[in-house]
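The next block holds one structure in the form of structure tokens; read it before the comments.
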Amino acid sequence: RILLIIMGCLAIAFAGCGKKDKQFAIHGQVTFKSEPIVDGKILFMPIDESRTQAIAPIRDGAYETVSPGGVFDGEYKVQVFGYRGTGKVQDLGELYGGEQEQQEQYIPPKFNRETDVKVTIAADKDEYNFEL
């Protein structure tokens with residue numbers, strides 16, 4: 001009887017330890033108007049608020065999350081931000097690197113702050129591309 005109780009407790013303890021509860025890395029391509037986003041970031045905001053968000057830089061149209069710190073299985077809202085130079089130079093002072101070109105975020109709000117882009121992430125797939 002005691003053995004059955006111990007086995008039952010162990011089964012309950014290990015029930016949530018499957019791959020679905022572990023974060024994993026994903027990668028992919030991100031384009032806006034058929035052009036790769038050269039410099040930006042992508043955020044994966046979980047619909048299940050008990051999960052954590054994931055963020056990755058976008059470089060030359062590609063992103064990759066890291067593991068640990070990647071994503072879980074589940075549905076996410078996707079926010080994409082892209083940055084480009086304005087042609088204007090600003091002086092940030094010596095402490096912050098001196099003169100630098102001003103940057104602007106050019107991706108429309110419907111793809112970031114007001115996103116309607118969603119994706120369902122599965123542990124058996126690691127590539128997700130976004131054409132905005």
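What accessible area, in Å² to the nearest ten, does a 1.4 Å probe give for residue 64? Using a 1.4 Å probe on the heavy atoms, I get roughly 120 Å².
Pairs of Lys residues in segment 33-132 are counted when their Cα atoms are under 17 angstrom apart and they lie 8 or more places apart or on different chains; the count is 8. A 1.4 Å probe, protein heavy atoms only, puts the accessible area of residue 110 near 110 Å².
Under the simplified labelling scheme, the residue 96-residue 66 pair shows an inter-label distance of 2.5 nm, with each label point 7 Å from Cα along Cα→Cβ. Counting only protein heavy atoms and using a 1.4 Å probe, the accessible area of residue 72 comes to about 30 Å². Available extension along the chain between residue 29 and residue 86 is 18.1 nm, counting 0.36 nm per residue and deducting the alpha carbon span. Between residue 49 and residue 104, the modelled label-to-label distance comes to 3.5 nm, taking each label 7 Å out from Cα in the direction of the beta carbon.
For 113, 51, 84, give the ranking by accessible area with the largest first, probe 1.4 Å. Display every interim value, and only then the final one.
Values: 113 165, 51 60, 84 115 Å².
Per-residue accessible area, sorted high to low, gives 113, 84, 51.
The values are calculated or read from the model by the stated rules, or taken from the named source; none is laboratory data. Remember, predicted model here, so these are calculated numbers, not experimental data. Note that we place each Cβ from the backbone using ideal geometry, even for glycine, and neighbour counts take in every protein chain shown. Keep in mind that these areas ignore ligands, DNA and RNA; they rest on the heavy atoms of the full protein, side chains included. Shrake-Rupley method; radii C 1.70, N 1.55, O 1.52, S 1.80 Å.
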